[in-house]
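Working notes, structure below.
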Amino acid sequence: MNKILFISTSMNKESKSKKFIRTFLSKLPDNKNTYLLDLSEAEKLNIFCSGYNNCKDTGICINPENKKNIDLVVQSDVIILGIPIYYGGLSGIGKLFIETFYCLERGELNGKKVIVILSLEKRNQEGIAVQELLPWIYKHGMKLIDIININAETELDIEIEKFKNTLEKINDWKLSESHIEFGKLNYLDRIVEIPISYNIEIEIK
Ligand SMILES: Cc1cc2nc3c(=O)[nH]c(=O)nc-3n(C[C@H](O)[C@H](O)[C@H](O)COP(=O)(O)O)c2cc1C
């Protein structure tokens, strides 16, 4: 049974990505093996990376709050990461969060499947954020399975239904050797070819 970890990085109490995640979770008949890490609930949000490179030797982040979050991710099979788009890219907190995994050097995240929920005001601005995310996914041998775009025009129920189908099929994904695949995404209002994912084949059963 897959352990699925939902991570909400928005600090906004009215956050659209958080609403998407919480609505989805509330509709599940059974929350077994499903976990939520909501960074806005942290008493003191102290998740910055102090740039202590020796963490790579020990494999342990010196910040205990980061260590808790890292352990949660290491113990999960599927990571659903909600991040707002600010100035066209990942929000500062979203970026801080992914930087905290720098201490992992021993394949701890290898093969984990990531779905990213990008929340933004306008449609089709995910290009820069996806580019910012890919080095993190690539370095740790994870696989980007899907990019969900939540914007002002999104009909939550429809998007949740699509997401449910993706999650139901998550075990059908056959992951082959990583190589970067290019796709067309919106980048500063132009459609350009940028790396979007790695070679992922779906296994038809
Ligand atoms: C500092 C800041 C910068 C933003 N920049 C963008 C932007 O470049 N493009 C956009 O479509 N929306 C932008 N927004 C709007 C947010 O992406 C939008 O409010 C989104 O819903 C945030 O996600 P959340 O609701 O999950 O917190 C920005 C908001 C803030 C606070």
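The values are calculated or read from the model by the stated rules, or taken from the named source; none is laboratory data. Everything numeric here is computed off the predicted structure, so don't read it as measured data. Don't worry about glycine lacking a Cβ; one is built from the backbone with ideal geometry, like all the others, and counts go over all protein chains shown. Heavy atoms of the whole protein, side chains included, go into the accessibility calculation; ligands, DNA and RNA do not. Shrake-Rupley method; radii C 1.70, N 1.55, O 1.52, S 1.80 Å.
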Problem - Residue satisfying condition, being open to solvent by 20 Å² or more (accessible area, probe 1.4 Å), touching a Leu at 6+ places or on another chain (Cβ under 7 Å) and modelled with pLDDT under 95, within set Leu36, Leu45, Leu28, Leu72 - result: Leu45
Completion exercise
Across segment 89-135, the tally of residues that are within 20 Å of Glu65 (Cα to Cα) and either polar (S, T, N, Q) or part of a helix (DSSP H, G or I) (or both) stands at 13
Problem - All positions within segment 27-43 that are touching a helix residue (DSSP H, G or I) at 6+ places or on another chain (Cβ under 9 Å) and either within 16 Å of Thr9 (Cβ to Cβ) or outside any loop (DSSP other than H, G, I, E, B) (or both) - result: Thr34, Tyr35, Leu36, Leu37, Asp38, Leu39, Ser40, Ala42
Handout entry: Candidate set: segment 1-25, residues that are in contact (Cβ under 8 Å) with a residue 24 or more places away in the chain and part of a helix (DSSP H, G or I); chosen: the one most open to solvent (accessible area, probe 1.4 Å)
Key = Lys19
Problem - Residue selected from segment 75-97 under the condition away from the ligand (no atom under 16 Å from the Cβ) and buried (at least 21 other Cβ atoms within 10 Å of the Cβ), by the criterion nearest to Glu132 (Cα to Cα) - result: Ile79
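Listed here are the residues, each with its yes/no results for (1) at positive phi; (2) surrounded by 15 or more Cβ atoms within 10 Å (Cβ to Cβ); (3) within 15 Å of the ligand (Cβ to nearest atom); (4) within 12 Å of the chain's Cα centre (by Cα).
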residue	(1), (2), (3), (4)
Val116	no, yes, yes, yes
Glu121	no, no, yes, no
Ile145	no, yes, no, yes
Ile148	no, yes, yes, yes
Glu159	no, yes, yes, no
